[in-house]
1. Would you point out the residue of segment 107-145, among those that are acidic (Asp, Glu) and touching a strand residue (DSSP E or B) at 6+ places or on another chain (Cβ under 7 Å), that is surrounded by the most Cβ atoms within 10 Å (Cβ to Cβ)?
2. Yes or no: residue 208 under 15 Å from the mean Cα position of the chain (by Cα), part of a loop (DSSP other than H, G, I, E, B), at pLDDT below 95 and of a type outside the set (Val, Ile, Thr)?
3. Name the single residue, out of those in segment 64-76 being over 15 Å from the mean Cα position of the chain (by Cα) and in contact (Cβ under 8 Å) with a residue 40 or more places away in the chain, that is farthest from residue 52 (Cα to Cα).
4. Six or more apart or on different chains, Cβ atoms under 7 Å: show the pairs whose first residue is in segment 173-197 and under 17 Å from residue 229 (Cβ atoms) and at pLDDT 90 or above and whose second is not in a loop (DSSP other than H, G, I, E, B) and not β-branched (Val, Ile, Thr).
5. Given the conditions (1) more than 26 Å from residue 107 (Cα to Cα); (2) in contact with a Leu (Cβ under 9 Å, 6 or more places away or on another chain); (3) buried (at least 19 other Cβ atoms within 10 Å of the Cβ), which single one is not true for residue 221?
6. Residues that are under 23 Å from residue 234 (Cβ atoms) and of a type outside the set (S, T, N, Q): which strands (runs of 3 or more DSSP E) entirely in segment 130-198 hold 2 or more of them?
Amino acid sequence: MRFRMMTLVGIFLACAATTTLGAEETPLLAHSPTLSKTQVVFAYGGYLWSVPREGGDARQLTTHGHEGRPVFSPDGKWIAFTGQYDGNVDVFVVPAEGGEPKRLTWHPGTDVAVGWTPDGKKVLFYSDRDAYADFDRLYTVPAEGGPPEVLPMWRAEDAWFSPDGSRVAYVPNLIWQTSWKRYRGGQTTPIYIVRLSDLSLEKVTRENSNDRHPVWFGDTVYFLSDRNGPVALFAYDTKSKTVRQVL
């Protein structure tokens, strides 16, 4: 589970690295990193690439183009990602060592991969397929293929399962304008935690900040937030109900 939390750290460091480039260097627009015990997979130029965690030459994993949002399976053997093939956005999986992607969703709506169930058998994604307004819902689909199943929350975006699969940390509403900084209007994004057995809801402590990208590790939900100014990494202890800044 530790490398799954490092995915969020990777996102934070990738964003921070863009401010440390020398004037003579050409920035690479690599984004959406996901980490296994041995590899880092990221999106660049519309494709997925893999590089060893200790560094080295990046290897191209996909060739179709319009691919992004990679997420390693818990065992590190598979990568779920979002691909736009034939004009539609769907969820795919590909072996971590590369190969032919397998399509998992077929709805004409937009399906976006965000994670896995803890047992690695299903991919978690959000979609507007059932929306009658400006919102999405969460679904799971078997990694081997099959019909998707909707989660009980009536709206949800980015999400992550607890290690035992009994709860989900998620962002309930869309980030309407991601380029806005220091926004404190009515569309800021909180993080909710829902218990799937009885739908009891817990809200991560905040004061109208923009909180996003929850990743669950042990008893802690890590997430990005601008609550103290610039976006930084925070941790919510699900036992003590306290929030602290990590980076």
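The values are calculated or read from the model by the stated rules, or taken from the named source; none is laboratory data. These numbers were taken from a predicted model, which means no experiment stands behind them. Here Cβ is always computed from backbone atoms with ideal geometry, including for glycine, and neighbour counts include all displayed protein chains.
1. Among residues in segment 107-145 that are acidic (Asp, Glu) and touching a strand residue (DSSP E or B) at 6+ places or on another chain (Cβ under 7 Å), the one surrounded by the most Cβ atoms within 10 Å (Cβ to Cβ) is 111.
2. no
3. Ranking the qualifying residues of segment 64-76, first place goes to 75.
4. Pairs found: 189/211; 189/212.
5. Only one criterion in (1) more than 26 Å from residue 107 (Cα to Cα); (2) in contact with a Leu (Cβ under 9 Å, 6 or more places away or on another chain); (3) buried (at least 19 other Cβ atoms within 10 Å of the Cβ) is unmet by residue 221, namely (2).
6. 159-161, 167-170, 192-195
Okay, residues lined up against (1) over 18 Å from residue 206 (Cβ atoms); (2) buried (at least 19 other Cβ atoms within 10 Å of the Cβ):
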position: 147; (1), (2): yes, no
position: 150; (1), (2): yes, no
position: 153; (1), (2): yes, no
position: 157; (1), (2): no, yes
position: 162; (1), (2): yes, yes
position: 169; (1), (2): no, yes
position: 183; (1), (2): no, no
